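Here is the structure we will look at.
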Amino acid sequence: MHRTDQDLIKAVVKEDSHTAFAELVKRYQSPLRYSLRQLTGWNEALADDLAQETFIKAHRALAGYKGKAKFSSWLYRIAYNEMVSHFRVARNRELTGHINDFDSVTDDLCETGGDASVDSANQNLHRDLAKAMHSLSDNQRMALHLHLHRECTQQEISDIMSIPLGTVKTLITRGKSRLQELLIEWNTAAKT
Amino acid sequence: MNKHTDIDDLFATTRHTEPYIDNAGFSTKVLARLPQRAELSFWKETLITLAFTALGCTLAYLFFPSEQLTLLVPSKVVISPMTLLTITGLISLACASAYWVDKTNRL
C-alpha cells in the first residue's frame, strides 16, 4: 500500500516511527544527494554528509512542519541552510590556513542505479556543470539549481531561500550570465 | 546564439539525464544517527513498576492513619433487593457503554 508523504510524516511525529522516516529518506535521498552534488562542485563525500545532516535536522524539526509548502521544498530549505553554513565555516577555515574543502572535488561520477543508461558524455556534463557552478556564490548556485534543474517557480525559490522575489530574479539573471562565461572558458579549455 | 537558451538547454539535459543515486546504506546511516527511543525492556518496566508500588505501599503503611480509617468502616451494611437491582443495572449499563465505545472507536 502506498503511503503519502503526509501519512509518513504523521507516523513519524505521532508514533516516532523510524520505519516511516526511513521510507521518507528512501523517497528523497536520490534527488537531494544529486542536488547537493551539483551544489558542491560534485564533491560526493561532502554532498552526502550535508544530505545526512539535512535528514537528521528534518527529523528533529518534523513536528513543526505544517504542510504549507511541499515536503521537498521544506527539505531543500534545510539543505540550503546546511550548505551555506558549511561553506561559511569552510571559508573561515581557509582564511585561517586550514584545509580547503573546495579542492576536494572528486573526479568520478557517483555510483548510480542507472549507470548503464547514463553515457559518458552526460556523466561529464553533470560533473563539469557542477564544477562550473562552484565558481558562483552560494545564493546564485542554489537559485539557478532550483530554477533550472528542479524547475521551481521564483516564488518557491524565494520561500526556500527566504529572500525577496526581486533578489531571486537578480540571482538567476546574473548567475546565468556568469555561468555562460565560465562554460565558454570550460569549452575552450576542454578543446585545447 | 542566445546565451540564455544555451544554459537552459544544458540544464534541461542534466535534468533529463539525472542519474538515480543508489541508496547503498545511506538511509541506514541516517537512521543510525537518529536519537534512539527510550524503550525499556519488559523486565525493566515490570521491576520499576513493582519497586514503586512497594515504595508506595510502605509509605502508605507508615503514614496513613489506619486506626481512624478502621473506625469509619461500617460494622453492618443492609442492602434492600431494590438497591441491589439498581446497582447491578448501573454496572451493566456502564459495561455495555464501555463495550460500545470500544467497538465503535468513539474515543
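The values are calculated or read from the model by the stated rules, or taken from the named source; none is laboratory data. The structure displayed is predicted, hence computed values, not measured ones. With ideal geometry, Cβ positions are generated from the backbone for all residues, glycine too; neighbour counts draw on all protein chains shown.
Values computed for the structure shown
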| item | result |
| --- | --- |
| Hey, B:Lys44 under 30 Å from A:Arg150 (Cβ atoms) and either at pLDDT below 90 or of a type in the set (Asp, Glu) (or both) or not | no |
| Every residue from region A:133-147 that is among the hydrophobic types (A, V, I, L, M, F, W, C) and surrounded by 22 or more Cβ atoms within 10 Å (Cβ to Cβ) | A:Met133, A:Met142, A:Ala143, A:Leu144, A:Leu146 |
| Residue count, region A:102-129 (criterion: more than 9 Å from chain B (Cβ to nearest Cβ) and either in a helix (DSSP H, G or I) or at pLDDT 60 or above (or both)) | 8 |
| Yes/no for A:Phe87 being assigned to a helix (DSSP H, G or I), more than 11 Å from chain B (Cβ to nearest Cβ), on the phi < 0 side of the Ramachandran plot and at pLDDT below 75 | no |
| Filter result for the condition that a residue is of a type in the set (Gly, Ala, Ser) and more than 31 Å from the chain's Cα centre (by Cα), over B:Ser66, B:Ser27, B:Ser92 | B:Ser66 |
| Test: residue in region B:9-27 that is within 30 Å of A:His18 (Cβ to Cβ), surrounded by fewer than 11 Cβ atoms within 10 Å (Cβ to Cβ), modelled with pLDDT of 85 or more and within 14 Å of another protein chain (Cβ to nearest Cβ) | yes |
| Residue match in region A:149-161 (condition: within 10 Å of chain B (Cβ to nearest Cβ), modelled with pLDDT under 90 and either closer than 26 Å to B:Gly25 by Cβ or in contact with a Cys (Cβ under 8 Å, 6 or more places away or on another chain) (or both)) | no |
| When residues of region B:29-75 are limited to those that are within 14 Å of another protein chain (Cβ to nearest Cβ) and in a helix (DSSP H, G or I), the one nearest to A:Asp16 (Cα to Cα) | B:Leu31 |
| Test: A:Arg27 is within 30 Å of A:Lys131 (Cα to Cα), of a type in the set (Lys, Arg) and under 11 Å from the mean Cα position of the chain (by Cα) | no |
| Meets criteria (more than 10 Å from chain B (Cβ to nearest Cβ), among the aliphatic types (A, V, I, L, M), farther than 20 Å from A:Glu151 by Cα and in a helix (DSSP H, G or I)) for A:Val25 | no |
| Residue in region B:38-59 that is among the hydrophobic types (A, V, I, L, M, F, W, C) and under 30 Å from A:Leu32 (Cβ atoms) present | yes |
